[in-house]
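Engineer: Quick one: the structure is below, questions incoming.
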Amino acid sequence: MAASSAIELTRDLVRLRSVNPPGEESACARRVGGLLEAAGFRVATHDLAEGRSNIVAVLPGAWNKAPLCLTGHLDTVPFGAAPWQRDPLAAERDGDKLYGRGSSDMKSGVAAMVIAALAIAQLPRRAADLVLVFTAGEETGCDGARYLAGLPNVLPKAGALLVGEPTGNVPLIGHKGALWLKAAFKGVTAHGSMPELGENAVLKAARGVVRLSGHSFHADRHHHLGGPSLNVGSLHGGLNVNSVPDAAAVEIDIRTVPGQSNEAIRKEVMAVLGEGAEVSPTVDVAAVASNPQNEWVSSVFDLYERQSGQRLDPKGAPFFTDASVLVPAMGNIPALILGPGETTMAHKPDEYCFASKIEAAVDLYAEIVRAWMEG
């Protein structure tokens with residue numbers, strides 16, 4: 001299939017609604033799974049839930065070296081409250097722009113990986129297995145990847161991982177971790193005219209947030225990812241103006257760097273908040289940072305330089321990916337994030353990607369895989 005087929009496959013996938021929640025990724029999984037199976041891949045489907053399929057597809061090689069894994073997710077975020085000028089499921093094309101929910105994040109990356117893999121299937125000799133992992137539920141905390149990692153003998157020990165998240169085809173060496181916490185505060189209700197008879201949970205939460213706003217984590221800055229960050233995203237409490245609120249909740253977004261323990265951070269935040277706060281994670285994914293001096297990582301940066309004429313300083317992505325789960329599950333392997341979508345268009349209304357970058361990604365993926373298969 002020609003590289004331009006990746007554009008049409010992207011459009012096919014955008015038209016298949018897979019908004020998470022609820023997900024409904026199975027239609028996308030069937031579309032890519034059918035193409036891969038027809039090309040000689042062993043395709044296995046592992047359902048996270050009804051209608052929520054993960055795909056693990058293996059193209060057998062000679063086993064002279066560890067497999068190379070390519071991965072992407074099939075779900076998208078919701079359309080959002082802001083109006084769209086384009087139908088989010090129509091996959092309209094206007095010049096070089098291809099519009100639709102998931103066009104950048106990250107159905108274009110999935111499509112480019114599939115089309116590149118079909119080309120690799122035509123090679124007469126392959127030194128290793130090529131493994132494609134397409135997941136459900138990444139947008140809500142890598143749910144599909146966690147499910148696969150918990151199944152016996154499903155994910156292989158690999159040699160390297162390539163994640164097709166949106167980077168504009170620029171290779172990135174990793175990403176910060178994400179720890180999203182919900183802190184619950186309890187109080188005692190009373191009539192609003194007699195607050196001294198109650199215990200105000202909103203005030204407990206507010207005092208805790210003020211303490212947290214001045215808190216800093218004692219962590220060394222990572223050379224490529226920077227330092228950790230903390231943002232209080234929401235504070236809710238109370239039912240009506242004339243009652244002392246007996247419950248309040250705070251949601252906190254913490255981005256971590258390698259070397260930090262998310263569980264230790266949770267306990268630290270709970271201690272800072274005080275006031276009897278109960279703190280539990282809603283998203284808990286670790287940071288990922290590959291060594292830029294790793295032979296494979298360096299070779300991909302060299303490839304980018306040859307094709308673009310630009311030498312990059314290694315950097316990380318501002319978002320988390322399934323690499324946080326797949327890297328340790330596959331043997332703590334080097335990982336790169338590289339995909340045709342636009343980072344700045346992820347989750348936005350009138351999301352788009354560039355068709356020319358989809359085509360370029362097919363060539364990049366094919367060359368990266370071909371070099372691995374020749375080793």
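Engineer: Mind ranking 70-77, 149-156, 51-58 by how tightly packed they are, going by the mean number of other C-beta atoms within 10 angstrom, highest first? Walk me through the numbers before you get to the answer.
Structural biologist: On the way: 70-77: 27.2, 149-156: 12.8, 51-58: 22.9.
Ranking the peptides 70-77, 149-156, 51-58 by packing returns 70-77, 51-58, 149-156.
Engineer: Of the heavy-atom accessible surface of the stretch 223-375 (probe 1.4 angstrom), what whole percent is carbon and sulfur?
Structural biologist: 49 percent
Engineer: Now for a different question. DSSP beta bridges in the chain, what fraction antiparallel, as a percent rounded to 5?
Structural biologist: 75 percent
Engineer: Something else now. Straight-line reach from Lys65: which lysines have Cα under 21 Å away, leaving out those fewer than 8 places along the same chain?
Structural biologist: Hits, sequence-local ones excluded: Lys157.
Engineer: For the stretch 270-375, what is the accessible area per residue in Å², given a 1.4 Å probe and the full set of protein chains? List each step's numbers first, then the result.
Structural biologist: Working: 4530 Å² over 106 residues.
Normalised by residue count, the accessible surface of the stretch 270-375 is 43 Å².
Engineer: Rounded, prolate or oblate, given the Cα gyration tensor of the stretch 1-157, with a/c below 1.5 counting as rounded?
Structural biologist: Here the stretch 1-157 falls in the oblate category.
Engineer: Can you list the residues, at least 5 places off or on another chain, whose amide H is less than 5 Å from the amide H of Val19, using H built in the peptide plane?
Structural biologist: Thr76
Engineer: Tell me which label goes with the value of P(r) over Cα pairs in 10 Å bins from 0, in percent computed from the coordinates here: (1) 5, 23, 30, 22, 12, 6, 2, 0, 0; (2) 6, 26, 33, 22, 10, 3, 0; (3) 5, 24, 35, 25, 9, 2, 0.
Structural biologist: Correct label, based on the coordinates given: (1).
Engineer: Quickly rank 312-322, 177-187, 212-222 as a protection proxy: mean count of other C-beta atoms within 10 Å, highest first.
Structural biologist: With the highest mean Cβ count within 10 Å placed first, the list reads 177-187, 312-322, 212-222.
Engineer: Run through the DSSP bridge list for the stretch 1-155 and note the antiparallel percent, rounded to the nearest 5.
Structural biologist: Percent antiparallel among DSSP bridges in the stretch 1-155 is about 65.
Engineer: Using modelled backbone amide H atoms (1.01 Å from N, in-plane), which distant-in-sequence or interchain residues come within less than 5 Å of Ala160's amide H?
Structural biologist: Distant-sequence amide H within range of Ala160: Cys69.
Engineer: Turning to a different aspect of this structure: Keeping all protein chains in place, calculate the accessible area per residue for the stretch 144-191 (probe 1.4 angstrom), answer in Å².
Structural biologist: 35 Å²
Engineer: Then there's this: If packing is taken as the mean number of other Cβ atoms within 10 Å per residue, what is the order of 349-356, 191-198, 132-139, highest first?
Structural biologist: 132-139, 349-356, 191-198
Engineer: From the phi of every residue in the stretch 184-195, what ³J(HN,Hα) in whole Hz does the Karplus formula 6.51 cos²θ - 1.76 cosθ + 1.60 yield, where θ is phi - 60° and glycine or proline is x?
Structural biologist: Coupling constants for the stretch 184-195: 9, 10, 10, x, 10, 6, 7, 5, x, 7, 10, x Hz.
Engineer: Would you list, by chain and number, the lysines whose Cα falls below 23 Å from the Cα of Lys204, excluding same-chain residues fewer than 8 positions away?
Structural biologist: Lys182, Lys186, Lys267
Engineer: Is the shape of the stretch 71-184 best called rounded, prolate or oblate, per the rule: a/c under 1.5 gives rounded, else a/b larger than b/c gives prolate, else oblate, with a ≥ b ≥ c the square roots of the Cα gyration tensor eigenvalues?
Structural biologist: Oblate shape, in that a/c is at least 1.5 and b/c is the bigger or equal ratio.
Engineer: A follow-up question, please. Would you mind classifying the stretch 137-187 by shape? Square roots of the alpha carbon gyration tensor eigenvalues, ordered a ≥ b ≥ c; an a/c under 1.5 is rounded, otherwise it is prolate if a/b is larger than b/c and oblate if not.
Structural biologist: oblate
Engineer: Okay, moving on. Once phi is turned into ³J(HN,Hα) by the Karplus curve 6.51 cos²θ - 1.76 cosθ + 1.60 with θ = phi - 60°, what whole-Hz value does each residue of the stretch 52-58 show in order, with x for glycine and proline?
Structural biologist: In residue order, the calculated couplings are 10, 9, 9, 10, 10, 10, 10 Hz.
Engineer: In addition: Can you run phi through the Karplus equation (6.51, -1.76, 1.60; θ = phi - 60°) for the stretch 229-234 and list ³J(HN,Hα) in whole Hz, with x for Gly and Pro?
Structural biologist: 9, 9, 9, 8, x, 7
Engineer: Additional query: Leaving ligands, DNA and RNA out of it, rank Leu303, Leu89 by accessible area with a 1.4 Å probe, largest first.
Structural biologist: Ranked from most to least accessible, the order is Leu89, Leu303.
Engineer: Suppose every Lys and Arg Cβ carries +1 and every Asp and Glu Cβ carries -1, with no other charges. What dipole size does the chain come out with about its Cα centre, to the nearest 20 debye? Before the final figure, lay out the partial values.
Structural biologist: Working: 33 positive and 41 negative charges, 84 e Å.
With Lys and Arg at +1 and Asp and Glu at -1, about 400 debye.
The values are calculated or read from the model by the stated rules, or taken from the named source; none is laboratory data. Owing to the predicted nature of the structure, the values given are computational and were not obtained by experimental measurement. Glycine also receives a Cβ, built like all others from the backbone with ideal geometry; neighbour counts cover every protein chain displayed. Accessible surface areas use protein heavy atoms only, side chains included; no ligands, DNA or RNA. Shrake-Rupley method; radii C 1.70, N 1.55, O 1.52, S 1.80 Å.
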